[in-house]
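Taking it in order: structure first as structure tokens, then the write-up.
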Ligand SMILES: N[C@@H](CCC(=O)N[C@@H](CS)C(=O)NCC(=O)O)C(=O)O
């Protein structure tokens, strides 16, 4: 498998899960400003949607959409315990978290990435994200992981996206539940490896 990723982008979640589950894979960095890999391959030829993550399977097929890639990987290695089994209510709870992270949190950062976003739009985006953070923090005050007692692909995804608060100077101190939660994810060997390979930590 090949993972097309950009350092620190949402593709970090898939990168973490590939390592958590012990897959053999090739990480291929993409420069999003040119949509090219270091060897000059065109991301658009891999993923016509033009974004990361894209997971190229060994038979050449390409899977996109972070939340789907995460589930695919977790389901290939159920022994890693990163996703509840299909057909159970717990799986729908997991999908509920993944959809919430993707649409409310991940995409909630959209305006903050655009340098031409007016200040008022930025403030509104931060206010909306803050309401989502209220809900997440309330959950994490009551349980160690989004899915309760077990770390899952949803935590890898949330960790990745909350990492962007540093880039955009969104202060997380208002939600004391986040620091220990993010800290324990950051210490996981698979997370450290992924972040080292992406050049995010030494
Ligand atoms: N719907 C996609 C969105 C992925 C996405 O937003 N990727 C960003 C990086 S975090 C990207 O590659 N943006 C470049 C672009 O859209 O041109 C998913 O959930 O995987």
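The values are calculated or read from the model by the stated rules, or taken from the named source; none is laboratory data. From a predicted model like this one, the values you see are computed outputs, not experimental measurements. With ideal geometry, Cβ positions are generated from the backbone for all residues, glycine too; neighbour counts draw on all protein chains shown.
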Run residue 1 past the list (1) closer than 16 Å to residue 68 by Cβ; (2) surrounded by fewer than 21 Cβ atoms within 10 Å (Cβ to Cβ); (3) within 12 Å of the ligand (Cβ to nearest atom) and report the number of the one that doesn't hold. (3)
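Can you say whether residue 112 is in a helix (DSSP H, G or I), within 16 Å of the ligand (Cβ to nearest atom) and more than 22 Å from residue 28 (Cβ to Cβ), as far as the supplied structure shows?
Yes.
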Test each condition in (1) assigned to a helix (DSSP H, G or I); (2) away from the ligand (no atom under 15 Å from the Cβ); (3) surrounded by 15 or more Cβ atoms within 10 Å (Cβ to Cβ) for residue 127 and report the one that comes out false. (3)
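Matching residues to (1) assigned by TED's automatic domain parsing to the domain that holds residue 133; (2) touching a helix residue (DSSP H, G or I) at 6+ places or on another chain (Cβ under 6 Å):
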position	(1), (2)
25	no, yes
36	no, no
39	no, no
43	no, no
46	no, no
73	no, yes
104	yes, yes
If you take the residues in region 43-73 that are more than 13 Å from the ligand (Cβ to nearest atom) and over 14 Å from the mean Cα position of the chain (by Cα), which one is farthest from residue 8 (Cα to Cα)? 59
Cβ pairs under 8 Å, 6+ apart or interchain, first in region 42-55 and within 16 Å of residue 72 (Cβ to Cβ), second near the ligand (Cβ under 10 Å from one of its atoms) and assigned to a loop (DSSP other than H, G, I, E, B), ordered by first then second residue, are 52/6; 52/9; 52/10; 52/32; 53/9; 53/10; 54/47
Any chance residue 82 is in contact with a helix residue (DSSP H, G or I) (Cβ under 9 Å, 6 or more places away or on another chain), surrounded by fewer than 18 Cβ atoms within 10 Å (Cβ to Cβ) and either closer than 22 Å to residue 161 by Cα or in contact (Cβ under 8 Å) with a residue 12 or more places away in the chain (or both): no
Between 181, 135, which is touching a strand residue (DSSP E or B) at 6+ places or on another chain (Cβ under 9 Å) and not in a loop (DSSP other than H, G, I, E, B)? 181
Of (1) surrounded by 14 or more Cβ atoms within 10 Å (Cβ to Cβ); (2) within 15 Å of the ligand (Cβ to nearest atom), residue 25 satisfies all except one. Which? (2)
Just a yes or no: is a residue in region 87-99 within 12 Å of the ligand (Cβ to nearest atom) and either under 29 Å from residue 134 (Cα atoms) or not in a helix (DSSP H, G or I) (or both)? yes
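Listed here are the residues, each with its yes/no results for (1) more than 26 Å from residue 82 (Cβ to Cβ); (2) out of contact with any helix residue (DSSP H, G or I) (no Cβ under 6 Å at 6 or more places or on another chain); (3) at pLDDT 95 or above.
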site: 129; (1), (2), (3): no, no, yes
site: 132; (1), (2), (3): no, no, yes
site: 138; (1), (2), (3): no, yes, yes
site: 141; (1), (2), (3): no, yes, yes
site: 145; (1), (2), (3): no, no, yes
site: 171; (1), (2), (3): yes, yes, yes
site: 181; (1), (2), (3): no, no, yes
Would you confirm whether any residue within region 5-16 is part of a helix (DSSP H, G or I), over 17 Å from the mean Cα position of the chain (by Cα) and either exposed (fewer than 13 other Cβ atoms within 10 Å of the Cβ) or touching a residue at least 24 places away in the same chain (Cβ under 8 Å) (or both)? no
